[in-house]
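Below you'll find the structure, written out as structure tokens, and then a few comments.
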Amino acid sequence: MDKKELIEKINKIKKQKNAIILAHCYQNIEIDFVADFVGDSLGLSQLAAKTDADKIIFAGVYFMAETAKILNPAKKVYLPNISGCDMADMINLKQIKEFKAKNPDTPVVCYINSTAAVKSECDICATSSNAIEVVKSLNTDKVLFVPDKYLAKWVEKNLPDVQITAYQGYCPTHYKINADDILNKKAENKEAIVLSHPECKDEVIEISDFVGSTTQMMKYCKESKNKEFIVATEFGVVQRLQRDYPNKKIIPISNEIYCPSMKENTLEDILYTLENENNEVKVDENIAKKAVNCIDRMLKI
């Protein structure tokens, strides 16, 4: 089948099975043609909860599908490919317990980009857009943060009175971005505003004009009167900005700044999953109960 036939067949079966398709912004851009919602991981799971769909096809990675299942326990959740997140996979249940044991009596903040098992051992969740507010809400001068050390540093920079002990995880995709890459782009595009994700290294954050989550960066591009932006994040975000705002110059650091796991899903994979209902994601009931408390506590802020 060609792309048009694939899209038509996916949309037809989706309606027949009362399914919805969620697509993360790092996915191959062609998946947007069949997605009901496109966005970041937590937001997608929350949107899914507001629908009457019976089934969720999550074009993303494993921890995202777990979150969708936790927030939509009555719905069936499927992954077109069982893809992990390199950063989320840097810490497991045993390692989070050991990290807590070395730092007793300290609240643990868990980045949403973590498995359900890790969330179940943490006090409160955080996203890249609300991590500062989440840590501030704890009213404490010491916090543990897992798994992203760079997001932790960004929070600590904004809350200097809080000592953050970070687990040494990181996003390999954002780690590829260097300050020199940005400065070289800036030299060629002197009027451009530099936008970066807080998963980036310190050297990148320091020379950025705006630091924010995927959603915040996209909103900034939409609302800013500026016409040129150097976007320091995953290439899928750049592609969507270039598509959505053709009157603005959206400059990637490199088309090599992409997440391999996120790019595994194709339209063919989604069709196969819809037809065969393979790769269903389930979360242990006890793990899910603890993990949802971690997420709910964040949502109440």
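Structure values in brief
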| read-out | value |
| --- | --- |
| Residue order, fewest to most beta carbons within 10 Å, for Cys200, Cys122 | Cys122, Cys200 |
| The stretch 239-301: radius of gyration over Cα atoms, expressed as a fraction of 2.2 N^0.38 Å | 1.77 |
| Cα extents of the chain along the three principal axes, largest first (Å) | 55, 53, 28 |
| Distance from the stretch 195-266 to the stretch 111-166 (C-alpha centre basis), Å | 23 |
| Diffusion constant of the stretch 177-252 at 10 °C, which comes from Stokes-Einstein with the Kirkwood Cα-pair radius and 1.306 mPa s, µm²/s | 131 |
| Glu277 versus Asp54: modelled label distance in nm, points set 7 Å from Cα along the beta carbon direction | 0.7 |
| Spatially proximal lysines relative to Lys9 (Cα-Cα < 16 Å; intrachain offsets below 8 disregarded) | Lys17 |
| Isotropic mean projected area of the C-alpha convex hull, the stretch 88-172 (nm²) | 4.8 |
| Charge dipole magnitude, Cβ of K and R +1, D and E -1 - the stretch 49-198, Cα centre, debye nearest 20 | 220 |
| Of Pro198, Pro80, Pro107, the one that fluctuates the most in a GNM where the chain has Cα springs shorter than 10 Å | Pro107 |
| Pairs from Lys12/Lys176; Lys136/Lys186; Lys222/Lys263; Lys15/Lys227 whose Cα-Cα separation, in the structure shown, is over 30 Å | Lys12/Lys176; Lys136/Lys186; Lys15/Lys227 |
| Note, ³J(HN,Hα) from phi for the stretch 118-125, Karplus 6.51, -1.76, 1.60, rounded to Hz, x at Gly and Pro | 5, 4, 5, 9, 10, 7, 7, 8 |
| For the stretch 18-126, size of Cβ-based charge dipole, Lys and Arg +1, Asp and Glu -1, in debye | 340 |
| Estimated 222 nm signal from helices in the chain, with DSSP H stretches of n ≥ 4 weighted -39500 (n - 2.57), rounded to 500 | -12000 deg cm²/dmol |
| Cα-based equivalent ellipsoid, the stretch 79-130: semi-axes from gyration tensor eigenvalues, Å | 21, 14, 8 |
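Throughout, read-outs are computed from the coordinates displayed, never taken from laboratory work. As the structure is a computational prediction, the values presented were derived from the model and not from experiment. Cβ atoms come from the backbone with ideal geometry, glycine included; neighbour counts cover every protein chain shown.
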